[in-house]
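Derivation of every value follows stated rules applied to the coordinates shown; laboratory data play no part. Bear in mind the structure is a predicted one, so any value in this text is a computation, not a measurement. Positions of Cβ are backbone-derived with ideal geometry, glycine not excepted, and every protein chain shown enters the neighbour counts.
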Amino acid sequence: MKKRTRLEVIRDLLEVLQKNKQVKITHLIYKANLSNNSIKPYIEYLLKNNLAEQTIVDEKRMFKITLKGNEFLLEFNKIKIFSDSYGL
C-alpha cells in the first residue's frame, strides 16, 4: 500500500470532521488511521489555518470542521477528479 501524502492525510481528517458534528481527538486518530504522535502537527495545521476549530465540551477537547475546511475539501476533490481523469 502506498504511503499517504500530507494533503491526503489532511483531507482524511477533514472528511472525518465533516461526517461528524464534533469529534474527540481519539476518534480522529482512529478514523484517519494515525498515531497519537503523528496527529499533533496535523491538528496544529488545521487549527492554524482555520480549517478546523477546537472547543471544550465536558472538559474534553472536541474538534469540528469550519466553513473554510469544507471549502478546502470541495476544491481538493475537484483537483483529485481532474488529475485522475488525466492519469496524473
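So here's what we get for this one:
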item	result
Subset tally (residues that are touching a residue at least 24 places away in the same chain (Cβ under 8 Å), among the hydrophobic types (A, V, I, L, M, F, W, C) and closer than 15 Å to Leu14 by Cβ) for region 53-88	5
Region 1-54: number of residues that are among the acidic types (Asp, Glu) and either more than 18 Å from Phe76 (Cβ to Cβ) or in contact with a Phe, Trp or Tyr (Cβ under 6 Å, 6 or more places away or on another chain) (or both)	2
In region 7-21, the residues that are closer than 18 Å to Lys68 by Cβ and either part of a helix (DSSP H, G or I) or touching a Cys at 6+ places or on another chain (Cβ under 8 Å) (or both)	Leu7, Val9, Ile10, Arg11, Asp12, Leu13, Leu14, Glu15, Val16, Leu17, Gln18, Lys19
Residue selected from region 22-52 under the condition part of a helix (DSSP H, G or I) and of a type in the set (Lys, Arg), by the criterion nearest to the chain's Cα centre (by Cα)	Lys31
Lys78 under 25 Å from Lys24 (Cβ atoms) and surrounded by fewer than 14 Cβ atoms within 10 Å (Cβ to Cβ)	no
Answer residue from region 30-52, given it is over 11 Å from Ile10 (Cα atoms) and of a type in the set (Gly, Ala, Ser) and is surrounded by the fewest Cβ atoms within 10 Å (Cβ to Cβ) among those	Ser35
Of residues in region 53-72 being assigned to a helix (DSSP H, G or I) and either of a type in the set (S, T, N, Q) or touching a strand residue (DSSP E or B) at 6+ places or on another chain (Cβ under 8 Å) (or both), the one surrounded by the fewest Cβ atoms within 10 Å (Cβ to Cβ)	Asn70
